[in-house]
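What follows is calculated from the coordinates using simple rules that are stated; it is not laboratory data. Being a predicted model, the structure only gives us computed values, none of them experimental. Virtual Cβ from ideal backbone geometry, glycine too; neighbours counted across all protein chains shown.
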Amino acid sequence: MFIAHIPAGYLVASWLHKRGVVAGGLFAACIIGSVFPDIDLLYFYLIDGKSHHHHSYWIHYPVLWLSLSLLSAAWYILSGRRTAALLALAFCANAFLHIMLDGIVGDIWLFAPWIDRHYALATVSPGFSPWWLNFILHWSFLFELLITGLAASIWTRRNKLRRTIVPQSKDRP
């Protein structure tokens, strides 16, 4: 995934909000969680010297984010601090979604740390230079465009509705 992680996080937050989940920071938790696993790119480029696929780092293990999501859900159910638990759950669930979206055409270590083997639903064949053109010209990029377009549509509609409900006064500084 190149462009759809943040829009996917926005879609999840919008879906939750529409169903009555209200918490300050919900959109931020979902959006930051949706890109957080890629923080390993800093290590990949700055320290590791690109010696192996960044999806093989522990922060891209599905079991990590699934476990943290389940722990956050338990915290939400058992705790009196429901807002913090809800934000943790939103963050972790979106990080897990990030990994699953990466698995469409990007190799993910689905059963790591127990099995050192990568999986992907589809393979992007090399053929173009620079390398990222192979992904943008692959059919799977249409899925990314669909996610991004849907998020843009919802964002536009929400902002238009917000301007209609709360008209801006010209007298305000």
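For this structure, a couple of remarks:
- Residue-count net charge about VAL124 - beta-carbon cut-off 13 Å; Lys, Arg +1, Asp, Glu -1: -3
- Low-density loop cleavage sites - chymotrypsin sites (Phe, Trp or Tyr not before Pro) in region 88-163, where at most 10 other Cβ are within 10 Å (DSSP): TRP114, TRP131, TRP139
- Placing +1 on the Cβ of every Lys and Arg and -1 on the Cβ of every Asp and Glu, with nothing else charged, gives the chain a dipole about its Cα centre of roughly 1140 debye.
- Fewest-first sequence of VAL105, VAL22 by Cβ atoms within 10 Å of each Cβ: VAL22, VAL105
- Rg ratio (alpha-carbon, reference 2.2 N^0.38 Å) - the chain: 1.20
- Helix 26-35 and the longest principal axis of the Cα set of the chain meet at an angle near 10°.
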